[in-house]
1. For a quick check of your reading of the model, give me the residue pairs whose first member lies in region 164-191 and is closer than 23 Å to Lys96 by Cα and open to solvent by 50 Å² or more (accessible area, probe 1.4 Å), whose second is in a helix (DSSP H, G or I) and not hydrophobic (A, V, I, L, M, F, W, C), with beta-carbon atoms closer than 7 Å and at least 6 apart or on different chains.
2. I'm told Leu173 meets every condition in (1) within 20 Å of the chain's Cα centre (by Cα); (2) under 21 Å from Phe131 (Cα atoms) except one. Can you identify the failing condition by its number?
3. Looking at region 193-210, which of its residues are open to solvent by 50 Å² or more (accessible area, probe 1.4 Å), assigned to a loop (DSSP other than H, G, I, E, B) and not aliphatic (A, V, I, L, M)?
4. Residues that are among the polar types (S, T, N, Q): which helices (runs of 4 or more DSSP H) entirely in region 18-113 hold 3 or more of them?
5. Tell me, which helices (runs of 4 or more DSSP H) lie completely within region 122-170 with 2 or more residues that are under 21 Å from Asp202 (Cα atoms)?
6. Somewhere in region 56-74, is a residue of a type in the set (A, V, I, L, M), farther than 22 Å from Val10 by Cβ and open to solvent by less than 90 Å² (accessible area, probe 1.4 Å)?
7. I want to confirm something. Restricting to region 1-17 and keeping residues that are assigned to a loop (DSSP other than H, G, I, E, B) and open to solvent by 80 Å² or more (accessible area, probe 1.4 Å), which single residue is modelled with the highest pLDDT?
8. For region 56-106, how many residues are touching a strand residue (DSSP E or B) at 6+ places or on another chain (Cβ under 8 Å) and of a type outside the set (Gly, Ala, Ser)?
Amino acid sequence: MVKLSKENEVHFFEFLSNQIDVHEFERFVYENESLRSEMDSQKYNKLISFNFKNVEGVLNELVPFVSNEIIKESSFFVWKIKNRLELFLNEPENIKEHLDEMYNLYFGISDASGKLKFAYPFLGNLALNYFYWLEEDYLKLYYGSNWKSEYEKIVKNFNFYHEQLIPYAQRILSAINNKEIEFFNDGTYFINQDLKHILESDDVYQLKHI
């Protein structure tokens with residue numbers, strides 16, 4: 001892995017999270033002179049050798065290269081959690097997108113042997129309140145030809161749902177910043193026992209509906 005400055009590291013994380021596109025990432029790579037000094041010459045030369053003009057082709061090779069050779073996977077997941085919580089707090093209009101991503105973080109990923117890793121049960125009160133009932137197939141099943149009006153009604157009430165979940169996002173961010181939740185390189189984490197009873201209880205918060 002490469003020892004990057006925090007500022008440069010975030011650009012790689014944003015690229016892997018699709019928050020910046022290939023062209024923005026290309027500008028970052030070529031305009032950032034500090035990368036050359038932070039990376040060994042072999043990896044740096046490989047990075048700048050990618051054909052960024054061929055967007056689809058470069059993604060197939062660039063994403064694995066960045067994931068496996070440049071960034072530390074555990075650091076990326078910690079950033080993803082904090083970044084997604086911050087976006088959730090500041091973008092109620094995108095609440096569905098953020099809850100969907102926290103749902104994925106809650107369940108984690110499987111490695112080559114099928115073992116689960118990078119799973120974060122402390123996100124349960126957010127992740128398990130993902131808006132499955134906003135999916136088109138679900139709405140059509142229950143509301144038939146009126147599904148679009150039901151969809152629009154739910155979207156208008158995003159702030160109502162957002163306000164219910166804000167305390168959980170704030171508490172988790174606070175716990176991470178105060179070391180009540182600490183992350184390890186193997187994808188596991190430590191959580192304060194008192195906090196564990198609150199955030200990882202079997203009694204997940206149930207959203208109130210209008």
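The values are calculated or read from the model by the stated rules, or taken from the named source; none is laboratory data. None of the values given here were measured: they were computed from a predicted structure. Glycine gets a Cβ as well: all are built from the backbone with ideal geometry, and neighbour counts include every protein chain shown. For the accessible areas, the whole protein counts, side chains as well, though only heavy atoms, and no ligand, DNA or RNA atoms are used. Shrake-Rupley method; radii C 1.70, N 1.55, O 1.52, S 1.80 Å.
1. So the pair list comes out as Tyr168/Asn125.
2. Looking at each condition in turn, Leu173 falls short on (2).
3. Narrowing region 193-210 to residues open to solvent by 50 Å² or more (accessible area, probe 1.4 Å): 193-194, 196-198, 202-203, 206, 208-210.
Now drop any that are not assigned to a loop (DSSP other than H, G, I, E, B), which leaves 202-203, 206, 208-210.
Once the filter is applied, which keeps residues that are open to solvent by 50 Å² or more (accessible area, probe 1.4 Å), assigned to a loop (DSSP other than H, G, I, E, B) and not aliphatic (A, V, I, L, M), region 193-210 yields Asp202, Asp203, Gln206, Lys208, His209.
4. On the way: elements: 22-31, 34-38, 41-49, 55-65, 73-90, 95-107.
Where helices (runs of 4 or more DSSP H) fall fully within region 18-113 and carry at least 3 residues being among the polar types (S, T, N, Q), they are 41-49, 73-90.
5. Values: elements: 124-127, 136-143, 147-156.
In region 122-170, 124-127 are the helices (runs of 4 or more DSSP H) which contain 2 or more residues that are under 21 Å from Asp202 (Cα atoms).
6. Pass one, region 56-74, residues of a type in the set (A, V, I, L, M): 58-59, 62-63, 66, 70-71.
Now drop any that are not farther than 22 Å from Val10 by Cβ, which leaves none.
Looking through region 56-74, none of the residues is of a type in the set (A, V, I, L, M), farther than 22 Å from Val10 by Cβ and open to solvent by less than 90 Å² (accessible area, probe 1.4 Å).
7. Lys3
8. Looking only at region 56-106, we keep the residues that are touching a strand residue (DSSP E or B) at 6+ places or on another chain (Cβ under 8 Å), and these are 74, 77-78.
If we keep only those that are of a type outside the set (Gly, Ala, Ser) as well, we get 77-78.
Residues meeting the conditions: 2.
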